[in-house]
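Heads up: the structure comes next, in structure tokens.
The values are calculated or read from the model by the stated rules, or taken from the named source; none is laboratory data. Keep in mind the model is a prediction, meaning the values are calculated, not measured. Neighbour counts run over all protein chains shown; Cβ positions are idealised from the backbone, glycine included.
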Amino acid sequence: MATLADLAPRSVGVPKRQGGWRRGLAYLLLTAWALLMFVPFVWTIVTSLKDRPEAMAIGLPAAPDLDAYAHVWSRVDPTLPQLFLNSLGLAAAVSISNVILGSLAAYAFARLRFPGREIIFLVVLATLMIPDQLRLVPVYQIMNGLGFTKSNPTNYLSVFLVLAVSATSIFLLRQYFLGIPRDLDEAARIDGAGHFQTYWKVILPLAGPALAAVAILQFQGTWNGLFWPAIFFGPVREHWTLPFGIVQFQGIYQTDWPPLMAIVVVATVPILCLYVFFQRYFIEGIAASGVKG
Amino acid sequence: MSASVTGARGRDFRGSLRTERGHEAVVGLAFIAIPMVLFLVLQIFAIGYAFVISFFDWGIRGAREFVGLANYQELLADRVFITKAIPNTLFLTAVVVPAQMALGLALAVIVNQGIRGQTFFRAAFFFPSIASSAAIVVLFTFLTQPQGLINTVLGFFGIESNTNWTNEPGTALPSIMALLVWTTSGTMMLFYLAALQGISHELYEAAAIDGANWWSAFWKITFPLLQPAHFFVAVVSVIGALQMFDAAFIAGGKDGSPANSLTTMVLFLYQSWSGFEFGFAAAVGIVLLVLLMSLTLIQRRFFGQTPSW
């Protein structure tokens with residue numbers, strides 16, 4: 001007879017006995033797949049430390065150096081620090097605005113009664129189904145009509161406005177706010193707190209994990225985003241972000257792999273760090289947007 | 001209007017239910033005001049606008065003339081659209097979606113066996129999903145060079161290959177599809193993992209008493225109970241596959257080189273847009289939306305369920 005430990009997809013709290021070969025097979029598969037995830041990234045780093053002639057050779061660099069980094073640091077246009085700061089600025093702005101605008105809207109949807117609340121919320125969720133690319137033509141026309149494609153700082157504003165608040169942020173925060181006991185805000189209301197104070201002093205301090213998840217997911221999404229920067233920053237070199245820079249340099253460098261890999265490393269490491277330290281929020285954020293939805 | 005009046009009166013009649021309600025409504029609407037203006041303009045109005053634009057000969061200087069369905073007719077007669085963009089997109093969706101789902105489910109079930117290092121494996125599998133597509137695709141192009149790591153590894157297993165995988169018409173699309181499966185299976189795994197946590201243990205206890213083995217418990221209990229997750233993952237995955245842009249654009253440029261082998265519907269839309277054929281590009285977008293909506297409806301039929309969002 002099969003034991004419970006054999007059948008349960010999750011054996012938390014279930015005594016783990018036998019099934020040794022299956023366990024061994026599981027480890028083998030998992031390790032193989034994990035290697036498939038990591039080897040390419042390790043290989044990128046190794047290549048970025050090489051010289052051009054040895055780039056394609058399999059093996060470690062004869063004399064590892066940071067020449068490729070030095071090259072992209074100062075001798076490309078825009079330089080690596082500039083690309084980095086552009087990505088950082090845009091990602092930070094989008095992340096902060098999603099937290100602020102998203103949490104205000106989520107508070108209203110979770111706690112305040114106003115006419116049309118349910119319908120408006122459904123419409124917000126429905127926007128998740130609309131592909132970004134479908135909006136390309138009209139959104140560009142709208143921004144163009146507003147004069148937001150003509151001069152430098154307004155190009156930036158165009159991308160920011162498109163990304164400033166996403167339905168996912170509102171949805172995630174609302175779900176979390178609904179889980180906070182209402183007694184807490186009622187107590188605050190009895191003490192004379194207004195709606196904004198309740199939001200600010202009661203809900204926000206309790207919603208740390210959800211706010212962190214939104215901030216991190218939006219930061220990561222914007223940092224990696226290629227589509228809207230490609231649309232609005234194309235002709236404006238000084239605004240290029242790392243992903244768009246990578247794509248452009250790929251055309252310029254062709255087979256000069258070490259500098260290209262150096263940019264790839266710089267584009268990936270900040271997200272990797274964020275991931276290592278805040279892994280929980282990434283995973284919870286992604287899972288929550290799926291399951292509870 | 002009445003809301004602001006009652007809001008002002010609220011100061012005089014503090015505690016009155018009606019004024020309290022009015023005040024709450026005003027605050028509520030104020031809290032959602034900025035996001036709603038953005039959604040209204042950049043999403044809802046945008047879609048209607050795209051629809052309108054698609055009926056015009058609309059170039060860089062704006063609408064020139066109303067052309068009715070001409071853009072759509074032109075689109076359906078466009079060789080690249082009909083013989084490349086649509087087949088490529090459908091082929092990609094038909095292969096990538098089941099592959100992502102199967103792999104995501106397999107990874108989730110294996111990771112969920114209560115093994116040591118579960119957190120590590122989960123994190124490792126999800127990592128490619130969080131790296132930027134630009135970085136991943138450039139890295140992938142490097143690995144798939146004729147002298148690259150992939151051919152070297154193939155040679156190690158006795159398969160001699162000089163293929164420039166992402167740069168030959170026959171292999172470019174399948175390579176990019178493999179890349180997509182590689183990067184996104186981690187996300188699908190997370191969705192499945194979360195759903196697996198919701199399955200009650202008692203079911204497995206009952207199955208164990210009935211003498212079921214692991215394999216039949218998986219097919220008779222786990223798999224059917226994951227139905228909502230299958231639906232969600234399928235929808236997310238189809239939307240992602242139909243909108244595939246980044247990888248095709250980075251690997252094949254705006255033209256989906258080589259020989260349009262990487263031209264997807266969305267890349268085709270981008271091509272038309274960057275050629276200032278805005279009316280035509282808008283028509284491509286509308287066709288894409290129709291396709292997306294019909295596939296979602298078909299999935300709903302297939303899985304017999306409505307999306308809960």
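Here is a yes/no grid of residues against (1) out of contact with any Gly (no Cβ under 6 Å at 6 or more places or on another chain); (2) under 14 Å from A:Phe233 (Cβ atoms); (3) not polar (S, T, N, Q):
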position	(1), (2), (3)
A:Thr79	yes, no, no
A:Ser97	yes, no, no
A:Gly102	yes, no, yes
A:Ile119	yes, no, yes
A:Ile142	yes, no, yes
A:Leu146	yes, no, yes
A:Thr149	yes, yes, no
A:Asn155	yes, yes, no
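So how many residues does segment A:238-279 have that are in contact with a Pro (Cβ under 8 Å, 6 or more places away or on another chain), over 24 Å from A:Tyr156 (Cα atoms) and not aromatic (Phe, Trp, Tyr)?
Going through segment A:238-279 one residue at a time, the tally reaches 0.
Just a yes or no: is a residue in segment B:194-208 in contact (Cβ under 8 Å) with a residue 12 or more places away in the chain, under 30 Å from A:Ile286 (Cβ atoms) and more than 10 Å from chain A (Cβ to nearest Cβ)?
No - not one qualifying residue is present in segment B:194-208.
Please work out which residue is farthest from the other protein chains (Cβ to nearest Cβ), limiting yourself to segment B:253-282 and to residues that are of a type in the set (D, E, K, R) and touching a helix residue (DSSP H, G or I) at 6+ places or on another chain (Cβ under 8 Å).
Result: B:Asp255.
Suppose we filter segment B:40-70 for residues that are away from chain A (no Cβ under 12 Å) and in contact (Cβ under 8 Å) with a residue 40 or more places away in the chain; how many remain?
So the answer is 3.
Residues to consider are A:Leu125, A:Leu136; find the one that is within 7 Å of chain B (Cβ to nearest Cβ), closer than 15 Å to A:Leu172 by Cα and assigned to a helix (DSSP H, G or I).
A:Leu125
Within segment B:71-78, does at least one residue satisfy the condition of being more than 10 Å from chain A (Cβ to nearest Cβ), surrounded by fewer than 21 Cβ atoms within 10 Å (Cβ to Cβ) and in a loop (DSSP other than H, G, I, E, B)?
yes
In segment B:18-34, which residue that is among the small types (Gly, Ala, Ser) and more than 7 Å from chain A (Cβ to nearest Cβ) is nearest to A:Pro115 (Cα to Cα)?
Step by step, filter segment B:18-34, then rank; the result is B:Gly22.
Out of segment B:19-70, which residues are among the aromatic types (Phe, Trp, Tyr), over 12 Å from B:Ala282 (Cβ atoms) and assigned to a helix (DSSP H, G or I)?
Within segment B:19-70, B:Phe31, B:Phe39, B:Phe45 meet the criteria.
Working carefully through the options B:Ile82, B:Ile86, find the one that is more than 14 Å from chain A (Cβ to nearest Cβ) and either buried (at least 17 other Cβ atoms within 10 Å of the Cβ) or in contact (Cβ under 8 Å) with a residue 40 or more places away in the chain (or both).
B:Ile86
Is one or more of the residues making up segment A:234-242 assigned to a helix (DSSP H, G or I), touching a residue at least 24 places away in the same chain (Cβ under 8 Å), assigned by TED's automatic domain parsing to the domain that holds A:Asp77 and surrounded by 23 or more Cβ atoms within 10 Å (Cβ to Cβ)?
Yes: segment A:234-242 contains one or more residues that are assigned to a helix (DSSP H, G or I), touching a residue at least 24 places away in the same chain (Cβ under 8 Å), assigned by TED's automatic domain parsing to the domain that holds A:Asp77 and surrounded by 23 or more Cβ atoms within 10 Å (Cβ to Cβ).
Can you work out which of the residues in segment A:140-156 that are free of Cβ contacts under 8 Å to residues at least 40 places away in the same chain and outside any loop (DSSP other than H, G, I, E, B) is farthest from the other protein chains (Cβ to nearest Cβ)?
Checking each candidate, the answer is A:Pro153.
Go through (1) surrounded by fewer than 16 Cβ atoms within 10 Å (Cβ to Cβ); (2) free of Cβ contacts under 8 Å to residues at least 60 places away in the same chain for A:Arg52 and report which single condition fails.
The failed condition is (2).
Being more than 29 Å from A:Val124 (Cα to Cα) and within 9 Å of chain A (Cβ to nearest Cβ) is true for just one of B:Ile286, B:Ile250. Which residue is that?
The conditions single out B:Ile250.
Listed residues B:Phe55, B:Phe39, B:Phe13, B:Phe45; which is hydrophobic (A, V, I, L, M, F, W, C), more than 30 Å from A:Gly102 (Cα to Cα) and either surrounded by 15 or more Cβ atoms within 10 Å (Cβ to Cβ) or at pLDDT 85 or above (or both)?
Selected residue: B:Phe55, the only one of B:Phe55, B:Phe39, B:Phe13, B:Phe45 that is hydrophobic (A, V, I, L, M, F, W, C), more than 30 Å from A:Gly102 (Cα to Cα) and either surrounded by 15 or more Cβ atoms within 10 Å (Cβ to Cβ) or at pLDDT 85 or above (or both).
Scan segment B:96-105 and give yes if some residue there is under 30 Å from the mean Cα position of the chain (by Cα), surrounded by fewer than 16 Cβ atoms within 10 Å (Cβ to Cβ) and assigned by TED's automatic domain parsing to the domain that holds B:Gly240, otherwise no.
Yes, that holds for at least one residue.
Evaluate segment A:79-92: report whether one residue or more is β-branched (Val, Ile, Thr), under 28 Å from A:Leu163 (Cβ atoms), in contact with a helix residue (DSSP H, G or I) (Cβ under 9 Å, 6 or more places away or on another chain) and buried (at least 21 other Cβ atoms within 10 Å of the Cβ).
Looking through segment A:79-92, none of the residues is β-branched (Val, Ile, Thr), under 28 Å from A:Leu163 (Cβ atoms), in contact with a helix residue (DSSP H, G or I) (Cβ under 9 Å, 6 or more places away or on another chain) and buried (at least 21 other Cβ atoms within 10 Å of the Cβ).
Could you look through segment B:186-236, keep only residues that are buried (at least 16 other Cβ atoms within 10 Å of the Cβ) and β-branched (Val, Ile, Thr), and pick out the one that is nearest to B:Ala124 (Cα to Cα)?
B:Thr187
Identify all residues within segment B:120-149 that are of a type in the set (Ser, Thr, Tyr) and assigned to a helix (DSSP H, G or I); write none if there are none.
Hits for segment B:120-149 are B:Ser129, B:Ser133, B:Thr141.
For segment A:3-49, give me each residue that is part of a loop (DSSP other than H, G, I, E, B), modelled with pLDDT under 85 and more than 9 Å from chain B (Cβ to nearest Cβ).
Within segment A:3-49, A:Pro15, A:Arg17, A:Gln18 qualify.
Is there any pair with a first residue in segment B:171-183 that is under 14 Å from B:Thr89 (Cβ atoms) and a second that is in a helix (DSSP H, G or I) and modelled with pLDDT of 90 or more whose Cβ atoms are under 7 Å apart and which are 6 or more apart or on different chains, and what are they?
So the pair list comes out as B:Leu173/B:Asn88; B:Leu173/B:Leu92; B:Met177/B:Leu92; B:Met177/B:Val95; B:Met177/B:Val96; B:Leu180/B:Val96.
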